[in-house]
Amino acid sequence: MEENRHINNTVNHIFRQESGKMVAVLIKIFGTENIELAEDVVQDALIKALETWKYRGIPDNPKAWLYKTARNRAIDVIRRNKYSKLIDFSDPEKQLLTSSYTLSATMDKFWKEDNIKDDFLGMMFACCHPKISQENQITFILKSLCGFSTKEVAKSFLTSEDTISKRLYRTKEYFRKNKIRPVIPDSNKIEERIHTVLSTIYLMFNEGYNSTHDDDLIRKDLISQAIFLCKSLLSTKKTELPEVYALMALMCFHAARIESRISKTGDLILLDRQDRSQWNLALIHSGRINLNKSSFGDRLTSYHLEAAIAYEHCKAKQYEGTNWGKILEYYNLLLKINHDPIIVLNRCLVVLKLEGPKKALQAIEEIKDDKQLQKYYLYHSIIGEIYMQIEKLDTAIICFQKAIKLTQSKHEKRFLQSKIDQICL
């Protein structure tokens with residue numbers, strides 16, 4: 001029983017890291033009109049891994065095993081369909097797939113490491129086609145290329161799973177009808193699509209930093225995947241842009257603090273109580289280098305300012321030494337660039353620290369009618385904290401109870417319940 005659980009966890013971990021890459025390669029082979037076929041082949045590889053590894057053990061190179069299995073399954077699909085109209089073989093490279101003499105060697109080229117990276121990035125940019133709405137772009141990338149569950153994507157958008165399913169269907173239909181090619185666009189089209197790609201990477205990172213997963217608040221596999229994707233963008237001249245460096249800096253600063261966020265008993269530790277000796281100095285240094293590199297050009301993006309805020313926290317040797325005034329200045333600039341309710345909400349915490357609960361309550365007034373925020377646990381948690389400091393304890397308890405109902409993380413539920421218990425003592 002324990003061995004099977006270990007194998008299941010290993011397969012799911014590796015699959016989560018590699019499924020998006022395999023889907024991207026298979027979409028390149030089958031065409032974007034056959035996205036579901038690509039997803040089915042990858043799913044078949046996962047099932048075969050679960051079945052085979054239980055009896056033969058986990059192979060020395062599980063990633064290579066999955067790639068080979070998906071490759072062989074793709075060859076079977078091509079052999080069955082080379083005379084049908086399901087797959088368009090008119091492309092010169094794909095024509096070689098129709099011959100039994102060149103099929104295997106041609107297929108191997110698709111699975112070379114450099115080609116896999118380019119196909120993955122190319123598919124991400126294809127998903128960011130200007131005629132696909134931004135919310136559908138991000139939804140599709142997270143679900144099909146990043147291995148997110150529908151529930152995890154729904155949390156990222158503060159919406160329902162049914163809404164996410166409908167978005168996925170519409171996006172697949174658009175790909176099917178328009179046969180969009182998965183390639184990294186020319187330089188003149190990069191800037192109009194890079195924002196969505198970066199938004200997706202950051203959403204992925206945030207899911208790793210504060211996961212909806214039942215067992216783990218922090219999912220290092222998603223964090224490392226997000227950082228890898230950002231590094232991939234920086235390794236390509238066309239996508240080596242200021243905002244990409246800024247996002248890399250931001251993720252480094254946040255990732256540097258993950259070891260101090262959970263206690264040995266699995267309890268959530270807030271910033272003011274974290275052991276800063278556990279912070280990763282190498283990641284903070286890397287973040288600072290990337291933040292400096294992000295300063296070229298004339299664009300100031302939200303990633304620049306969020307990274308600057310995160311750096312203020314990282315460079316403070318003690319919580320009491322945090323420059324809250326500087327952080328508030330950055331938030332004020334951030335709101336001029338992007339007047340988002342979540343940013344207003346986070347700014348309220350800074351106001352709470354600098355000016356007290358009454359001023360924070362006034363600051364939160366402007367977003368109290370936002371329907372999406374009403375579904376967000378952190379909104380009610382922050383209001384509960386404010387009322388707790390004002391000593392309106394009954395109202396604070398109600399807010400914390402709402403927050404508990406809206407989060408699926410056992411760590412967050414336990415932390416919020418401890419707030420209620422503290423009041424009731």
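The values are calculated or read from the model by the stated rules, or taken from the named source; none is laboratory data. Because the structure is a prediction, the values reported are computed rather than measured. Methodologically, a virtual Cβ is constructed for each residue, glycine included, from the backbone with ideal geometry; neighbour enumeration extends over all protein chains shown.
Okay, here's what the table says:
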quantity	calculated
ALA105, sole failed condition from (1) over 32 Å from the mean Cα position of the chain (by Cα); (2) assigned to a loop (DSSP other than H, G, I, E, B); (3) over 16 Å from GLY31 (Cα atoms)	(2)
Residues that are surrounded by fewer than 18 Cβ atoms within 10 Å (Cβ to Cβ) and touching a helix residue (DSSP H, G or I) at 6+ places or on another chain (Cβ under 8 Å), drawn from segment 243-267	GLU259, SER260, ILE262, GLY266, ASP267
Candidates ILE138, ILE218, filtered to the one that is touching a helix residue (DSSP H, G or I) at 6+ places or on another chain (Cβ under 9 Å) and surrounded by 21 or more Cβ atoms within 10 Å (Cβ to Cβ)	ILE138
Flag for ILE132 being more than 30 Å from ALA403 (Cβ to Cβ) and either at pLDDT below 85 or of a type in the set (Val, Ile, Thr) (or both)	yes
Qualifying residue in segment 61-80 (condition: farther than 25 Å from PHE228 by Cα and not in a helix (DSSP H, G or I))	no
Matching residues in segment 49-67 - criterion: being touching a residue at least 40 places away in the same chain (Cβ under 8 Å) and under 18 Å from LYS109 (Cα atoms)	LYS63, LEU66, TYR67
Segment 49-63, subset within 27 Å of the chain's Cα centre (by Cα) and over 19 Å from ASP119 (Cβ atoms), residue surrounded by the fewest Cβ atoms within 10 Å (Cβ to Cβ)	ASN61
Meets criteria (at pLDDT 90 or above, over 29 Å from ARG219 (Cα atoms) and either of a type in the set (Lys, Arg) or in a helix (DSSP H, G or I) (or both)) for ILE383	no
Test: residue in segment 185-196 that is out of contact with any helix residue (DSSP H, G or I) (no Cβ under 9 Å at 6 or more places or on another chain), without any contact (Cβ under 8 Å) to a residue 24 or more places away in the chain and within 28 Å of GLU243 (Cα to Cα)	yes
Whichever residue in segment 302-345 is of a type in the set (S, T, N, Q) and not in a loop (DSSP other than H, G, I, E, B) and, among such residues, is farthest from the chain's Cα centre (by Cα)	ASN332
Residue match in segment 243-257 (condition: over 14 Å from ASN292 (Cα atoms) and touching an Asp or Glu at 6+ places or on another chain (Cβ under 6 Å))	no
Residue selected from segment 351-380 under the condition charged (D, E, K, R) and assigned to a loop (DSSP other than H, G, I, E, B), by the criterion nearest to ASP340 (Cα to Cα)	ASP370
Candidates ARG299, ARG288 - the one that is touching a residue at least 12 places away in the same chain (Cβ under 8 Å), basic (Lys, Arg), in a helix (DSSP H, G or I) and over 21 Å from HIS411 (Cα atoms)	ARG288
Tally, over segment 15-37, of residues that are out of contact with any helix residue (DSSP H, G or I) (no Cβ under 8 Å at 6 or more places or on another chain) and assigned to a helix (DSSP H, G or I)	0
Residue in segment 267-282 that is acidic (Asp, Glu), out of contact with any Gly (no Cβ under 9 Å at 6 or more places or on another chain), part of a helix (DSSP H, G or I) and within 30 Å of MET123 (Cα to Cα) present	no
Unique match (being buried (at least 18 other Cβ atoms within 10 Å of the Cβ) and modelled with pLDDT of 95 or more) among LEU373, LEU334	LEU334
Qualifying residue in segment 354-363 (condition: of a type in the set (A, V, I, L, M, F, W, C), surrounded by fewer than 17 Cβ atoms within 10 Å (Cβ to Cβ), out of contact with any strand residue (DSSP E or B) (no Cβ under 7 Å at 6 or more places or on another chain) and touching a residue at least 24 places away in the same chain (Cβ under 8 Å))	yes
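Yes/no per residue for (1) over 25 Å from the mean Cα position of the chain (by Cα); (2) buried (at least 17 other Cβ atoms within 10 Å of the Cβ); (3) under 13 Å from PHE110 (Cβ atoms):
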{"residue": "ASN8", "(1), (2), (3)": "no, no, no"}
{"residue": "PHE30", "(1), (2), (3)": "yes, yes, yes"}
{"residue": "GLU39", "(1), (2), (3)": "no, yes, no"}
{"residue": "VAL42", "(1), (2), (3)": "no, yes, no"}
{"residue": "SER99", "(1), (2), (3)": "yes, no, no"}
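Yes/no per residue for (1) touching a helix residue (DSSP H, G or I) at 6+ places or on another chain (Cβ under 8 Å); (2) in the same structural domain as ILE364 (by TED's automatic domain parsing); (3) crowded, with 20+ Cβ neighbours inside 10 Å:
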| site | (1), (2), (3) |
| --- | --- |
| ILE383 | yes, yes, yes |
| MET388 | yes, yes, yes |
| LYS392 | no, yes, no |
| THR395 | yes, yes, no |
| PHE400 | yes, yes, yes |
| ARG414 | no, yes, no |
| SER418 | no, yes, no |
| ASP421 | no, yes, no |
| CYS424 | yes, yes, no |
